[in-house]
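Visitor: A single structure is presented below for examination.
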Amino acid sequence: MTLRVLRAADRTAVPWKNGGGVTREIAASPEGAPLDDFDWRVSLADVSADGPFSSFPGVDRTLTVVEGAGMDLMVGGEHHIVDEQYWPHDFPGDLETDGRLLGGPVVNLNVMYRRERTTAAVAAVRGTVRLPVPQSGTVLAVALEDGAVLEGQDIELDRYDALVADGASPGVLRTQGWALLVTLSAR
């Protein structure tokens with residue numbers, strides 16, 4: 001098993017692919033892959049204005065609002081109201097998508113994965129959860145609030161810190177607040 005702790009304080013803000021905002025990459029596979037050739041990518045995006053989303057051909061996305069009132073997404077001509085924090089919302093990354101803020105800036109946690117290479121499941125969790133790791137897969141847990149602890153590992157996660165495990169379960173995560181659990185499997 002490989003286990004890595006990724007601290008929020010170590011992330012750098014970079015411009016979005018379309019230049020309309022900034023993102024902070026939490027993790028990607030393969031590590032360091034460019035935006036046109038990752039298998040999967042997890043990031044936090046600061047959205048302070050209405051506007052179009054970047055297009056990612058062949059990529060499915062899961063957007064979870066972690067701060068703010070939410071967004072009205074127009075995805076391929078259909079409205080999707082994403083107005084509940086910690087509620088993952090799936091949509092194709094290659095459809096034309098435009099976002100309208102519902103009540104000021106938001107922070108979104110984005111999971112993007114190439115549908116031909118990877119599957120992903122995203123869940124908001126609270127309390128005690130055994131972290132699953134699929135065969136030939138990865139589990140990523142992001143603390144959405146302070147106070148998450150990986151039992152028996154002496155690892156504490158503050159807000160937006162993450163841990164990534166490959167190959168086997170790292171154990172039990174105990175949270176005082178919410179965390180986002182992302183399970184990624186190769187196809």
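What follows draws every value from the coordinates through simple rules; no lab data is involved. Being a predicted model, the structure only gives us computed values, none of them experimental. Here Cβ is always computed from backbone atoms with ideal geometry, including for glycine, and neighbour counts include all displayed protein chains.
Visitor: Using a 10 Å cut-off around each Cβ, can you sort D36, D83 from fewest to most neighbouring Cβ atoms? Write down the numbers at each step before the final one.
Guide: Working: D36 10, D83 15.
The most exposed by this proxy come first: D36, D83.
Visitor: For a quick check: sort F53, F38, F91 by the number of other beta carbons within 10 angstrom, fewest at the front. Show your work: numbers first, answer last.
Guide: Working: F53 26, F38 21, F91 18.
Neighbour counts put them in this order, fewest first: F91, F38, F53.
Visitor: If you rank L73, L95 by fewest surrounding Cβ atoms within 10 Å, what's the result? Display every interim value, and only then the final one.
Guide: Numbers: L73 19, L95 15.
Ascending number of Cβ neighbours within 10 Å: L95, L73.
Visitor: Could I ask something else about it? Using the Cα atoms of segment 40-174, I'd like the radius of gyration and the largest Cα-Cα distance, Dmax, both in angstrom.
Guide: In order Rg, Dmax, the Cα atoms of segment 40-174 give 15.7, 48 Å.
Visitor: Hey, what do the phi angles of segment 157-166 turn into as Karplus ³J(HN,Hα) couplings, whole Hz, using 6.51/-1.76/1.60 and θ = phi - 60°, x for Gly and Pro?
Guide: 10, 8, 3, 6, 5, 9, 10, 10, 10, 10
Visitor: Also: Go through Q153, V22, V164 and say which Cα lies farthest out towards the positive end of the charge dipole of the chain; charges sit on Cβ, +1 for Lys and Arg, -1 for Asp and Glu.
Guide: Q153
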